[in-house]
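I have placed the structure first, in the form of C-alpha cells, so that the comments after it can refer back to it.
The values are calculated or read from the model by the stated rules, or taken from the named source; none is laboratory data. Only a predicted model underlies this, so the values are computations on that prediction, with no experimental measurement involved. Quick reminder, even Gly has a Cβ in these numbers, built from the backbone with ideal geometry, and neighbours come from all protein chains shown. Please note that ligands, DNA and RNA were not included when accessible areas were found on the heavy atoms of the full protein model with its side chains. Shrake-Rupley method; radii C 1.70, N 1.55, O 1.52, S 1.80 Å.
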Amino acid sequence: MHSHLIPGIDDGAKTLEKSVEYVVGLIDLGFQNIITTPHIMGDHYPNTPETILSGLEELKAALKKKNISIPISAAAEYFVDDYFIELLDSKTQLLTLPGNRILIEFSTFAPPSNGLEIIFRLKTMGYQPVLAHPERYAYYANQFDVFEKIKSAGCELQLNALSPIGHYGNLQKKLAHQLLKKGLIDFVGTDLHHGGHLDILRKSLKNKNLQFLTNSVFKNTDI
C-alpha cells in the first residue's frame, strides 16, 4: 500500500521495464495485491490523477502482455506543502486508498507547522489520513508524544518495512521499534523505489527485526 512503481513520474521506477521487474519481485516475495503511490509534491513531482492513472494503465498493459497476474491499483503519496493546501482549498478530488484513506508525508528535515491542523481538516473533509513512515521524522525523537497526538487526532500510521532493520539509520530504527512497541502502527508498506529496496527485502525476511511482520496484526488486509 506504499510503493513507487509507475515509471518515470517520480523518484521511483525509471522505466516500464523496471516497473515490471519490481512487480515480479514483489510477487516472488509473496505479495498478492499492490497499491502503488506516486509522489505528489509541489514543483518536484506535480502529478495529477490523470498522470498517475494513465501510467497505471500503461503498467497494467505491460503486465498483461507478459501474462503477469496480480491486482494492482494506484493512489498517491501527498507531501504536506503549500501545493497540497491549494488542492484542499480548491476541493480537488484526491487519489485515495480503500476506505477513503489518503496517504500523506511530512518533510524528513523539519516538522510541519500545521501537521495536526491538516489531519483535522482531512478528517472534516471525509478523508481518513494515513501518515507515511513516521519513524523517518527523526526530529520527533525527543518528542515521542507527538506521535501519540497524531494518532489521537485520528490519523493512522504506516511503517516502512525496512526501518526496523536500520536501513534509514539507527535513530529511525529505534523510533520504528518504539512505535511498534506502543502499538501505534496500523500499516506496513515497502515504500519501494528501486531494485536496491527489493534486494534488501529479499535478504532481510529472516531478520529478527522483521519478525513483527508475522507476529503482529496490521490493517493491510483491510485494504
Inter-probe distance in nm under a simple model that places probes 7 Å from Cα toward Cβ, at ASP28 and SER107: 3.9 nm
Value of Rg to Rh for region 38-121 (Rh from inverse mean 1/r over Cα pairs, i.e. Kirkwood): 1.04
Length added when fully stretched, ASP222-LEU171, from 0.36 nm per residue minus Cα-Cα: 15.4 nm
Average accessible area per residue (Å²) across region 120-209 - probe 1.4 Å, nucleic acids and ligands excluded: 44 Å²
Phi to ³J(HN,Hα) by Karplus 6.51 cos²θ - 1.76 cosθ + 1.60 over region 34-45, Hz, x for Gly, Pro: 10, 10, 8, 9, x, 5, 10, 8, x, 6, 6, 9
Stretchable slack from GLU50 to THR92, in nm (0.36 nm times residue separation minus alpha-carbon distance): 13.9 nm
Protection proxy ranking of 150-161, 128-139, 190-201, 60-71 - average other beta-carbon atoms within 10 Å, highest first: 128-139, 150-161, 190-201, 60-71
At most 10 other Cβ within 10 Å, DSSP loop - chymotrypsin sites (Phe, Trp or Tyr not before Pro), region 41-129: PHE109
Fraction of beta bridges assigned by DSSP in the chain that are antiparallel (%, nearest 5): 10 percent
At 1.567 mPa s and 4 °C, Stokes D of the chain from Kirkwood alpha-carbon radius, µm² per second: 73 µm²/s
For LEU210, solvent-accessible area (1.4 Å; no DNA, RNA or ligand), Å²: 10 Å²
Taking the chain and dividing mean pair separation by its residue count, relative contact order in percent (alpha carbons under 8 Å, at least six apart): 19 percent
Mean shadow area of region 101-216, taken as a quarter of the surface of its Cα convex hull (nm²): 7.2 nm²
Over 16 Å [Cα-Cα, region 89-140], rounded percent: 43 percent
Over region 26-76: Rg over Rh, Cα atoms, Kirkwood Rh: 1.04
Percent carbon-and-sulfur accessible area, the chain, ignoring ligands, DNA and RNA, probe 1.4 Å: 51 percent
